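Structure in structure tokens, see below.
What follows draws every value from the coordinates through simple rules; no lab data is involved. For clarity, every value in this text was computed on a predicted model and none was experimentally measured. Backbone-built Cβ (ideal geometry, glycine too); neighbour counts: all protein chains shown.
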């Protein structure tokens, strides 16, 4: 049975990987994604937003600049420190926390919206996913919304999977060699970053869940699935690369007094 460290992302996301991810994030328009979220979630000035696996904080900053009270959590220390500096300079209501989202324990305050963008949930195996969804359930307000993006649904991966793939972003080249492990449902990607002739190799892992399995997980934690859409905002279909889930917490599952 193939095995690996379940916390691989703690070591993966540093130095050159962070440089690449910040460049690559331009492929998904922050304003377009926020408009998409706004079609389902009516936020007001002062509403509370939680951004988990926030990366360099493109959504967290945008929501804070719109007057929301934002908490952003990520394991990448340099990202978080940079986000803290921007929040301080711009006098934003934004708290940036450096922590593994599985270890981070939310306070008793509840959020109107929780977001997880950038294809991060598939980093988690089934045991980790259960912990993660339990945390999300307990930090949402009554009828609060959780919105996340993934490109690792089974219905996306299997029609499009290539053993070898590559991307050029700015002055960086990103090479992939993919292996799908059927016994664990895990996609292992040997990654090579190339910049100015320098090569850095690392390995990343994504668990591949089907759409129906994700819906089952959400319902088991008291969420209603409002919609699953593709990058164009249309109903997700087999073969679409990106999927955006919008789920709401059932009103009866909020424990706030």
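For residue 105 and residue 11, compute 0.36 nm times the residue count separating them, minus their Cα-Cα distance, and round to one decimal in nm.
31.7 nm
Could you list the residues of segment 9-50 with an amide nitrogen less than 16 Å from a label point located 7 Å from the Cα of residue 167 in the Cα-to-C-beta direction?
Inside the label zone: 13-14, 16-30, 33.
Do the sum for the chain: with -39,500 (n - 2.57) for every DSSP H run of n ≥ 4, divided by all residues, what is the mean residue ellipticity at 222 nm, to the nearest 500 deg cm²/dmol?
Value at 222 nm, helices only, nearest 500: -8500 deg cm²/dmol.
Using a ≥ b ≥ c from the Cα gyration tensor of segment 127-223 (square roots of the eigenvalues), is it rounded, prolate or oblate, where a/c under 1.5 gives rounded and otherwise the larger of a/b and b/c decides, a/b for prolate?
Because a/c hits 1.5 or more and a/b exceeds b/c, segment 127-223 counts as prolate.
Along Cα→Cβ, 7 Å out, is where each label goes; now give me the distance between the ones at residue 29 and residue 226 in nm to one decimal.
Between residue 29 and residue 226, the simple spin-label model gives 2.1 nm.
A follow-up question, please. Based on alpha-carbon centroids, what's the gap between segment 200-230 and segment 128-181 in Å, whole number please?
8
Take the alpha carbon atoms of segment 6-57, find their center, do the same for segment 77-96, and report the distance between the two centers in whole angstrom.
What the calculation gives is 14 Å, centre to centre.
Report, for the chain, the % of DSSP beta bridges that are antiparallel, rounded to 5.
For the chain, the DSSP antiparallel bridge percentage is about 65.
Follow-up. Once you have the Cα-Cα distance between residue 215 and residue 65, take 0.36 nm times their residue separation minus that, and quote the gain in nm to one decimal.
Length difference between fully extended and current span is 50.8 nm.
What distance in nm separates the simple spin-label points at residue 183 and residue 200, each placed 7 Å from Cα in the Cβ direction?
If labels sit at residue 183 and residue 200, their model points lie 3.2 nm apart.
Here's a follow-up. What does the highest-first list of 190-198, 80-88, 239-247, 48-56 look like by mean Cβ count within 10 Å?
So the peptides 190-198, 80-88, 239-247, 48-56, ranked by packing, come out 48-56, 239-247, 80-88, 190-198.
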